[in-house]
1. Which residues' amide hydrogens lie under 5 Å from the amide hydrogen of B:V270, considering only partners 5 or more residues apart or on another chain, with H built in the peptide plane?
2. From zero outward in steps of 5 Å, how is the percent of C-alpha pairs of region B:103-184 spread across the bins?
3. Name the residues whose placed amide hydrogens come within less than 5 Å of the amide hydrogen of A:T212, ignoring near sequence neighbours (fewer than 5 apart) on the same chain.
4. Whole-Hz Karplus ³J(HN,Hα) for region B:275-284, in order, using 6.51 cos²θ - 1.76 cosθ + 1.60 and θ = phi - 60°, x for Gly and Pro?
5. Taking one equal scatterer on every alpha-carbon of region B:61-307, how large is log10 of I(q)/I(0) by Debye at q = 0.18 1/Å?
6. How high is the relative contact order of region B:61-307, in percent, with contacts defined as C-alpha pairs under 8 Å that are six or more residues apart?
7. Can you pull out the trypsin sites (Lys or Arg not before Pro) in region B:98-202 whose DSSP state is coil and whose Cβ has at most 11 other Cβ atoms within 10 Å?
8. Shielding of A:88-94 by partners, i.e. mean partner chain Cβ atoms within 10 Å per residue?
Amino acid sequence: MNETFVISLLLGSLAAMVPIALTSIGAVISERAGVVNIGYEGILMLSAFFGAIFAELANNGWVGLLGGALTGLVIGMIHGVITVYLKGDHVIPGIGINLIGYGGVAFGILAYWGTAGQHQVAPSAQIKPLWMDAFGNSLSPMVPITIAIAFIAWWMLFKTPFGLRIRAVGENPEAADALGINVELYRFTAVLIASALAGVAGAYLSVDWLGTVTKTIAAGRGFIALANMVFSGWNPIIALGGAFLFGFFDNFAIYIQNNPWLAGTIPWQFIATLPYVVTLVVVAGIIGRARPPKWDGRPYKRE
Amino acid sequence: MTALEELKGYIRPLGESVLAILIGALIGAIVLWLSGYNAVAAYKALIQGSFGSLGNFAETLSKSTPLILTAITFAIGARTGLFNIGAEGAVYFGAIAAVAITQSIQNPLAGILAGLFIGALWMLPAAVLKVYRGVHEVISTIMFNWIAFYLASWLALQVFENPMNPNSTLPIPPGARLPLLVKNSTLSLAFVIAVITAVVVYVIMWHTKLGYELRTSGLNSRAAEYGGINPRKAMLWSFIIGGMTAGLAGALQVMGIPPSYSISQGLANVYGYGFDGIGVSLVGRNHPLGIIFAGILFGALNAGATLMQQTGVPLEMVKVIEGIIIVAVAVPGLLDLFLKPLRRGKA
């Protein structure tokens with residue numbers, strides 16, 4: 001284990017942290033307001049695709065991130081209208097959105113770029129790294145931005161009246177309603193913030209980190225983000241740390257795969273299951289206790 | 001309840017599902033048109049490819065087989081008030097179990113029983129976490145699906161790998177394979193087994209005491225408890241039966257599909273059925289008999305996609321249509337949104 005390896009593992013983990021952290025932070029905000037969404041995987045897929053299109057049209061990676069956020073917003077509106085305003089089930093729309101995401105991106109890559117399975121995003125349309133070394137290790141500006149977003153989200157949720165209301169409509173919407181808080185509006189807003197953050201995360205995959213759009217680009221990160229949200233106990237700052245751990249395990253599993261001596265001793269698949277096992281242990285209350293907001297996933301209808 | 005009343009109760013959910021399917025087809029056509037494809041030609045090929053000939057229809061039924069079984073997993077959960085999306089993992093292990101046991105016992109029944117047993121066993125931890133620790137099943141089953149994926153990949157690649165063919169596991173020996181129903185197709189006895197399973201589950205859920213307990217605790221677990229039903233027991237059974245049908249799906253998927261009769265690399269031929277089954281169950285209104293038809297519909301989409309691809313439309317378009325159907329199903333009172341203006345027009 002040498003210095004170069006440690007640096008590349010650290011930078012790799014930070015790069016992998018960004019999409020999981022952004023999506024988890026969004027999911028924390030949405031569930032704090034009482035709205036469950038398991039469609040982040042589909043949002044990541046579609047915003048990676050549309051983000052790349054925006055970026056190439058404008059020849060600017062930041063416009064790509066904006067395009068991703070807009071894609072997320074549109075999907076969030078669909079989810080929000082069904083769950084918040086029509087009082088529908090919170091889990092079912094996400095299942096549909098994930099299917100649309102996987103089908104739509106595979107379809108879209110062929111329909112829009114005419115290539116099968118993957119499209120390389122033009123280098124000029126990608127976000128430039130803050131720092132880069134001779135070995136290809138780099139640091140994206142999205143890393144400090146994500147860290148900042150985690151702290152801002154925490155401050156917003158726990159230190160501002162807006163955050164207090166978001167938590168109130170997720171914990172006890174009846175009481176919030178009695179105090180004159182517009183439950184539906186706050187829930188809908190929280191869903192939109194969450195979907196936009198997941199949208200940025202998706203675009204980050206294509207116009208920054210991976211620099212390509214593939215038909216499996218989200219690779220389960222939308223679900224990992226949900227696991228991480230539970231792991232964090234619905235706290236944005238812990239979600240940031242959790243995302244780093246998930247990113248680290250991800251890189252570590254790849255390292256083991258490429259290391260013949262280690263690969264012979266521990267199957268890399270065992271390392272890959274660790275984050276999920278740890279999350280289960282946390283949720284089961286064996287170490288710590290993760291409790292969801294009281295009205296999480298339940299539609300609120302005024303009596 | 002008379003038979004007529006029971007029939008009437010089915011009309012509304014049927015109408016809602018048909019409407020959702022129409023919306024899926026319509027929006028799918030719009031997407032195709034916007035992307036510059038010929039939607040009419042694509043849909044013609046889709047129907048031709050799934051129902052156009054005996055061979056194509058056999059393919060449709062073959063593709064529907066695992067979907068019917070994983071949909072039942074979800075449906076039993078939903079009827080018990082659970083959101084069990086863990087069928088995916090149980091499918092992998094059902095397939096591995098069938099491959100493992102048939103190496104020594106060359107009998108299809110052994111494979112089927114192994115699939116049922118391992119499927120139920122894999123679902124138990126999620127059941128125990130739910131019942132005794134209050135862990136929400138959506139979260140635990142998502143975790144278990146990932147754990148299953150990595151463990152099953154390892155088992156397939158390292159433990160049961162085929163030394164003659166590194167791209168797959170050991171094949172199911174000929175003595176344990178299920179007979180084909182239509183020559184030169186992939187339709188085997190597996191489809192019949194899936195349909196029988198659906199009917200058996202229907203009988204259990206609607207005509208036995210256990211089924212009554214499951215459904216009652218699903219409707220209102222407190223009222224059920226007051227009425228002398230143990231909702232914890234009901235939940236455990238719901239996970240166990242659901243795990244069995246998902247495990248069976250995996251076993252049948254390797255025992256009944258020529259030519260490989262094995263699990264391919266990356267679990268490709270057993271991957272995704274647990275997720276797709278959720279959609280099938282929703283369109284089938286979480287009812288075993290509705291699921292048979294919804295399963296055939298989704299099977300038809302998957303079978304017809306191959307021919308549709310020849311008109312230039314990417315295969316994955318059918319996933320988009322499926323996704324839109326599910327989002328449409330999720331809209332509460334979908335039928336009323338359409339029927340109300342109609343009724344007003346009449347008056």
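Since every read-out is calculated from the coordinates, none of them should be taken as a lab result. All values derive from a computational prediction rather than experimental measurement. Here the Cβ is made from the backbone with ideal geometry for all residues, glycine too, and neighbour counts use every protein chain on show.
1. Answer set, sorted by chain and number: B:S264.
2. Distribution as computed: 3, 12, 14, 18, 18, 14, 10, 7, 3, 1, 0 percent.
3. Here the answer is A:V121, since their amide H atoms fall under 5 Å of that of A:T212.
4. These are the phi-based 3J(HN,Hα) values: 6, 5, x, 4, x, 4, 5, 5, 5, x Hz.
5. -1.31
6. 42
7. B:K183
8. 6
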